[in-house]
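Written below as structure tokens is the structure these notes are about.
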Amino acid sequence: MTGTSSTTLDFGVLFGTSGHHLAGWRLGADLGGGSAGAELDVTEAIRWAQRYEEAGLTALFVADVVSVWGEHLDSLSRTTRASYFEPFTLLSALAAVTERIGLVATATTSYNEPFTLARKFASLDHISRGRAGWNVVTSVVPLEAGNFGRDAHYGHAERYARAAEVVDAVTGLWDTVADDAFPRDKESGIYLDLAGRRALDYRGDHVATAGPLNISRPPQGHPVIFQAGASETGRAFAARVGEVIFAAPRTLAEAHRYRAGLDDALRAAGRNPADVRVWPALSPVIGSTQEEAARLRDTLDELLHEDVLRRVIQDNVGDVDFSDFDLDAPLPELPESNRSRSRADSIIALAREEGLTLRQLALRWAGAGVVGTPADIADHIQEWFEAGVADGFNLAFPFLPGGADAFLDHVLPELEQRGIWRPHYGDTLRETLSLARPDLTIADFAGATA
Ligand SMILES: Cc1cc2nc3c(=O)[nH]c(=O)nc-3n(C[C@H](O)[C@H](O)[C@H](O)COP(=O)(O)O)c2cc1C
């Protein structure tokens, strides 16, 4: 086992109400598809959040891009990526109707200031009574730049340099208020003990913030930090700040390599690999037989328009217009991308290794993952868990409601029976994940007040 301390699995779920497969929203109700207008239906969102909590999943994870998701609106017009909730507002609503499930918001370090981030996550942590998590991203869609007054997106190295500063400043801000800073003593009239507050005066090359924070310390001390860096720079960053790491290896061998590399990076950053949870992505297509599951996958894939197939690859490998490319020809030579470098490398490697055409490559990437019966999916989960490459999984159900129902009703009971998963919640997300809380009291401040 390489650095795995969990005795039971955790499951995050990529939260949405339309399904993760790019054509999932088009699947007919007879095959388990849902309403085509579900993506902004808050009643649906509440229903799913409560259902996931009832089933015992660990956390809802809301992805985000702060622009339209891609340049070519002809193909954007064919996916639910054209319209989605802003994560903090959605999760604040869901916090009020759930009690134990974690609430993980994606927020970019490239187009946010540390004070805003620290404050919003502190608020979400209070609103949810200790269930907030921050998926720290540096932004993968270059169009985001134009919405924040920049002509071009930050380069890969620069955005990670900024990300490191932003995370330091945000965690620094959470630490400007001691856990016991608020006596709220009616008798003495002291609400806030000023000895429990300090300035930060953070000054980096990219961001600066004075502090202190204008809210009491988050219930978890620090909301849990999620990260998915996968390139060398990204992985070093994940190893420095991440507590739960999202990964996207394609095979068990790749997952072993990823985990070993991450563990090395964690040790190099002075951290114990046992203090970090790794959750590979898992998008299950489930049928009562393998044939039925394969048919379902084929039906989903047939619903993908050719423009969408082009976009799947184009969006991930970067700044090339694929409009005139033949879908049934091999992937052409491509220039280096300023998007997710690791993802581009991984896609290009897959195409070259297996000699895939653009169409075949796009279908692999469009959202269908492990295909099989509930027992097959449980085998996959068990194999990766027992190999020590997964402490949990980040589930992305390809379509709703059928795709999620099959997992919750058939795969989870199977895993429970095998003794590798059980529903479990602590009082906070941090406790659920068995991660230590960074305590901070007035005594730790040694007299520095603000
Ligand atoms: C499960 C998962 C979810 C992700 N969610 C987002 C997201 O919501 N927004 C975003 O900009 N990037 C997201 N990413 C991309 C990562 O932030 C990161 O760019 C990517 O994993 C590659 O890392 P690299 O920059 O080191 O190559 C996600 C990645 C994974 C694996």
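Among residues of the stretch 148-160 being surrounded by 18 or more Cβ atoms within 10 Å (Cβ to Cβ) and without any contact (Cβ under 8 Å) to a residue 60 or more places away in the chain, the one that is nearest to the chain's Cα centre (by Cα) is 159. Considered as a group, the residues in the stretch 115-147 that are over 29 Å from residue 220 (Cβ atoms) and in a helix (DSSP H, G or I) include one that is least open to solvent (accessible area, probe 1.4 Å), and that residue is 145. Close Cβ contacts (under 8 Å, 6 or more residues apart or on different chains) running from residues in the stretch 285-301 that are farther than 16 Å from residue 377 by Cα and among the β-branched types (Val, Ile, Thr) to residues that are crowded, with 19+ Cβ neighbours inside 10 Å and modelled with pLDDT of 95 or more comprise 299/27.
Kindly establish whether residue 168 is away from the ligand (no atom under 15 Å from the Cβ) and over 23 Å from the mean Cα position of the chain (by Cα). Let's see the steps before the verdict.
Numbers: away from the ligand (no atom under 15 Å from the Cβ): yes; over 23 Å from the mean Cα position of the chain (by Cα): no.
For residue 168, the condition - away from the ligand (no atom under 15 Å from the Cβ) and over 23 Å from the mean Cα position of the chain (by Cα) - is not met.
Checking each residue in the stretch 5-14 for being open to solvent by 20 Å² or more (accessible area, probe 1.4 Å) and either farther than 30 Å from residue 272 by Cα or aliphatic (A, V, I, L, M) (or both) picks out only 14.
If the condition is being farther than 16 Å from residue 164 by Cα and assigned to a helix (DSSP H, G or I), then the stretch 217-254 contributes 252, 253, 254. In the stretch 17-56, the qualifying residues are those that are surrounded by fewer than 24 Cβ atoms within 10 Å (Cβ to Cβ) and within 16 Å of the ligand (Cβ to nearest atom), and the one that is farthest from residue 247 (Cα to Cα) is 39.
Selection of first residues in the stretch 382-393 that are open to solvent by less than 10 Å² (accessible area, probe 1.4 Å) and of second residues that are among the aliphatic types (A, V, I, L, M) and in a strand (DSSP E or B), restricted to Cβ pairs under 8 Å at least 6 apart or on distinct chains, gives the following pairs, ordered by first then second residue: 389/278; 390/278; 391/278; 392/244; 392/278; 393/281; 393/282. When 418, 352 are screened for being away from the ligand (no atom under 16 Å from the Cβ), closer than 24 Å to residue 229 by Cα and open to solvent by 40 Å² or more (accessible area, probe 1.4 Å), only 352 passes.
Looking for something crowded, with 18+ Cβ neighbours inside 10 Å and part of a helix (DSSP H, G or I) - is there at least one such residue anywhere in the stretch 299-306? Within the stretch 299-306 (the criterion being crowded, with 18+ Cβ neighbours inside 10 Å and part of a helix (DSSP H, G or I)), the answer is yes, since at least one residue qualifies.
If a residue must be aliphatic (A, V, I, L, M), over 30 Å from residue 183 (Cβ atoms), more than 13 Å from the ligand (Cβ to nearest atom) and within 21 Å of the chain's Cα centre (by Cα), how many such residues does the stretch 207-255 contain? Talk me through it step by step, then tell me what you get.
Going through the stretch 207-255, the residues aliphatic (A, V, I, L, M) turn out to be 207-208, 210, 213, 215, 224-225, 228, 230, 236, 238-239, 241, 244-245, 247-248, 252-253, 255.
Now drop any that are not over 30 Å from residue 183 (Cβ atoms), which leaves 207-208, 228, 230, 236, 238-239, 241, 244-245, 247-248, 252-253, 255.
With the extra rule that they be more than 13 Å from the ligand (Cβ to nearest atom), the set shrinks to 207-208, 252-253.
Checking the rest, the ones that are also within 21 Å of the chain's Cα centre (by Cα) come to 252.
The qualifying residues number 1.
Inspection of the stretch 172-187 identifies at least one residue that is buried (at least 19 other Cβ atoms within 10 Å of the Cβ) and β-branched (Val, Ile, Thr). Checking each residue in the stretch 227-261 for being over 18 Å from residue 347 (Cα atoms), touching a residue at least 40 places away in the same chain (Cβ under 8 Å), surrounded by 20 or more Cβ atoms within 10 Å (Cβ to Cβ) and hydrophobic (A, V, I, L, M, F, W, C) picks out 237, 241, 244.
Taken over the stretch 66-89, the residue count meeting the criterion of being closer than 19 Å to residue 139 by Cβ, open to solvent by 10 Å² or more (accessible area, probe 1.4 Å) and at pLDDT 95 or above is 4.
If you go through the stretch 355-368 one residue at a time, do you hit one that is of a type in the set (S, T, N, Q) and closer than 28 Å to residue 56 by Cα? Break it down stepwise before answering.
So in the stretch 355-368, the residues of a type in the set (S, T, N, Q) come out as 357, 360.
Those left that are additionally closer than 28 Å to residue 56 by Cα: none.
There is no residue in the stretch 355-368 that is of a type in the set (S, T, N, Q) and closer than 28 Å to residue 56 by Cα.
The values are calculated or read from the model by the stated rules, or taken from the named source; none is laboratory data. Everything numeric here is computed off the predicted structure, so don't read it as measured data. When we count neighbours, we look across all protein chains shown, and the Cβ atoms used for this are built from the backbone with ideal geometry, even at glycine. Remember, those area values only see protein heavy atoms, side chains included, never the ligands or the DNA or RNA. Shrake-Rupley method; radii C 1.70, N 1.55, O 1.52, S 1.80 Å.
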